[in-house]
Amino acid sequence: MVPAPRRADVRAFPGTRALILAAGKGSRLVAGRPYPKPLETVAGVPLIVRVIRGLRAAGVREVGVVIGHLGEVLREELESWDLGVSLSFFENDEVDKPNGTSVLKAAEFVTGPTYLLMSDHLWNPDLVRAVGAFRLGADEAVLGVDFDIPRCFDLPDATKVRIEGDRIVAIDKQLESYDCLDTGVFRITPALIDALRDADGPEGCSLSQGVATLAADGRMKVVDVGAARWIDVDTPDAHAEAERLIGAYGETLAPAAARVAVG
């Protein structure tokens, strides 16, 4: 039995900056529509707007967005919202390459500990706080992981993680033996940028390649996100489930008692 990593003390959460990957085509959810996947609405609000609002609630004030497919449509829409954060945009003109290429397009933004998130994952801000509270070394990265595997909406599509202590030893959707699930919320340092540059080539590079490099050196950590809810909105069925969760748990996917406390 592998011991679970510690849960971070969310009271220690430091404010910082975040990078959102939003360049992909999202063909399983918005194929043929005149807007990019991050602008697909969930309960009336675009996915990426929900992500940025969640980051702001967790204390983030600087947000970088990597745009690509229909990028100007996304930029114009985001600039029309009063989101309460400073926005920077980075263009990925190679959207058919893996997602590590998107990260490298915004390498200049990652000057120190920086959240790295997907534009199609929704979560309770406590999840981000937990990732932010992890004590991160200057050459490490950390991933928020969920040990409540039965709660996952689409387990076959989820990325599985095998760990030793607080270190990742394997991460892949096809793992047969695993301990927890990837929530899509990272906190990275320039060490991941260096790992991606080393892996980059004519076909680009994937985020998983950079993660694997750090993991091989014991520098890719995990933190337990506890009971914080999250969902990857990647298919019509997941979209319907996200709307159900918002209806049941509110805009921040928080339990009723927590919503009362915040309000």
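Just so it is clear, none of the values below were taken in a lab; they were calculated from the coordinates. Worth saying up front: this structure is predicted, and the values here are computed from it rather than measured. Don't worry about glycine lacking a Cβ; one is built from the backbone with ideal geometry, like all the others, and counts go over all protein chains shown.
Work out, step by step, the length gained on full extension between residue 155 and residue 81: first 0.36 nm times the residue separation, then minus their alpha carbon distance; give nm to one decimal.
Here the answer is 23.3 nm.
All other residues whose Cβ lies under 9 angstrom from that of residue 147 are scored, Lys and Arg at +1 and Asp and Glu at -1, for a net of -4. Here the stretch 125-263 has an Rg and Dmax of 16.1, 52 Å, counting Cα atoms alone. Of all beta bridges that DSSP places with both ends in the stretch 15-251, some 50 percent have antiparallel geometry.
Counting Lys and Arg as +1 and Asp and Glu as -1, what is the net charge of the other residues whose Cβ lies under 10 Å from the Cβ of residue 114? Summing Lys/Arg as +1 and Asp/Glu as -1 gives +1. Would you mind estimating how fast the stretch 15-251 diffuses translationally, via Stokes-Einstein at 4 °C and 1.567 mPa s with the Kirkwood radius over Cα pairs, in µm²/s? Reported coefficient: 73 µm²/s.
Per-residue extension of 0.36 nm, minus the Cα-Cα distance of residue 73 and residue 93, leaves a gain of 5.7 nm for this segment. Residues 63, 225, ranked from the fewest to the most other C-beta atoms within 10 Å, line up as 63, 225. Given a 10 angstrom Cα cut-off, can you work out which residue in 130, 248, 170 is the most mobile in a GNM of the chain? Answer for the Gaussian network model of the chain: 248.
Among the lysines, which fall within straight-line cross-link reach of residue 97, defined as a Cα-Cα distance under 16 Å, with same-chain neighbours fewer than 8 residues apart omitted? Reachable lysines: 25, 105. Computed from Cα atoms alone, the Kirkwood hydrodynamic radius reported for the stretch 79-151 is 15.1 Å.
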